[in-house]
Amino acid sequence: MEQKTIELADFLYVLKKWFWLIIILCIVGAMSGFVISKEFMTPIYESQSQLVIKQEQPKNNTTTTSETQSNIQLVNTYKIILVSPTVLETVIKNLDLPETTAQLAKQILIENSKDSQVLTVNVLNADRELAKQINQQLIKAATKESDKIMSANNIRVLTEPTENMSPVKPNKTLVIGVGFIVGLLVAISIIVLKETMRQNIRDEKELRAIIKATHLGNINQF
């Protein structure tokens, strides 16, 4: 118990002694994270749209369970069509993009909830206007490809492509937090190194701990 008390006291002493260094390096780390996220990381914007995949039905005809299931199965087909080389090549040609189909495909994320006929199309780009244009052209090209392959237009636009003013990447809060933690770790490393290399004895408690001797008294200086 006494040993634990001494260790805790030593820890608090070291913490108090180097508190200024911890604060400074944490602030420097957080500020570095902010500068890096603002000046050295390219902001990425997202355009989002939603599509409903549904087969053409005759008028006044109710949708049965089997037809609904068939519509859901179509969703997987259209997820492939939306990012197919043919569709992507059309988008690249219409917008005169420098990217290849493989590079453009990496900017596109197609999401679908389980047992849902709704597809969410997310397009990421450093240019927010271009992200929206790519999303628009993607829907247009996929619709034409659907007419050609499926002999029917099964795509309905539920939500038009958006143009977001705020970037989704980088996450500045995360980058600043990482910078703060890095600053803290650097401060701890410096403190441990300095305390390990320290050769002077701090007080009589430390001296007793080193030589394992009992304190009998103090000698006054005259």
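Before moving on, here are some points about what is shown:
- Members of the stretch 156-172 that are β-branched (Val, Ile, Thr) and under 10 Å from the mean Cα position of the chain (by Cα): 168
- Qualifying position, being closer than 30 Å to residue 41 by Cα and in the same structural domain as residue 53 (by TED's automatic domain parsing), among 122, 76: 122
- Boolean, residue 142 is assigned by TED's automatic domain parsing to the domain that holds residue 53, touching a residue at least 60 places away in the same chain (Cβ under 8 Å) and in contact with a Leu (Cβ under 6 Å, 6 or more places away or on another chain): yes
- Residue in the stretch 123-136 that is closer than 13 Å to residue 51 by Cα and in contact with a Leu (Cβ under 7 Å, 6 or more places away or on another chain) present: no
- Filter result for residue 93 (modelled with pLDDT under 95 and either touching a Pro at 6+ places or on another chain (Cβ under 8 Å) or of a type in the set (Lys, Arg) (or both)): no
- Single residue of the stretch 153-185 satisfying the filter (hydrophobic (A, V, I, L, M, F, W, C) and assigned to a strand (DSSP E or B)) that is farthest from residue 123 (Cα to Cα): 155
- Within the stretch 30-51, the residues that satisfy the criterion of being among the β-branched types (Val, Ile, Thr) and part of a helix (DSSP H, G or I) are 35, 36.
- Test: residue in the stretch 174-190 that is within 21 Å of the chain's Cα centre (by Cα), surrounded by fewer than 16 Cβ atoms within 10 Å (Cβ to Cβ), in contact (Cβ under 8 Å) with a residue 60 or more places away in the chain and farther than 22 Å from residue 72 by Cα: yes
- Residue satisfying all of: in the stretch 10-23; of a type in the set (A, V, I, L, M) and either free of Cβ contacts under 8 Å to residues at least 40 places away in the same chain or not assigned by TED's automatic domain parsing to the domain that holds residue 179 (or both); nearest to residue 184 (Cα to Cα) among these: 23
- Considering residues of the stretch 116-152 that are within 19 Å of the chain's Cα centre (by Cα) and either assigned to a helix (DSSP H, G or I) or among the acidic types (Asp, Glu) (or both) only, the residue surrounded by the most Cβ atoms within 10 Å (Cβ to Cβ): 131
- The sole residue among 197, 165 that is modelled with pLDDT under 80, loosely packed, with under 13 Cβ neighbours inside 10 Å and within 30 Å of residue 29 (Cα to Cα) is 197.
- Scanning the stretch 87-104 for residues that are among the hydrophobic types (A, V, I, L, M, F, W, C) and surrounded by 13 or more Cβ atoms within 10 Å (Cβ to Cβ) yields 87, 88, 91, 92, 95, 97, 104.
The values are calculated or read from the model by the stated rules, or taken from the named source; none is laboratory data. As the structure is a prediction and not an experimental result, all values here were calculated from the model. Neighbour counts run over all protein chains shown; Cβ positions are idealised from the backbone, glycine included.
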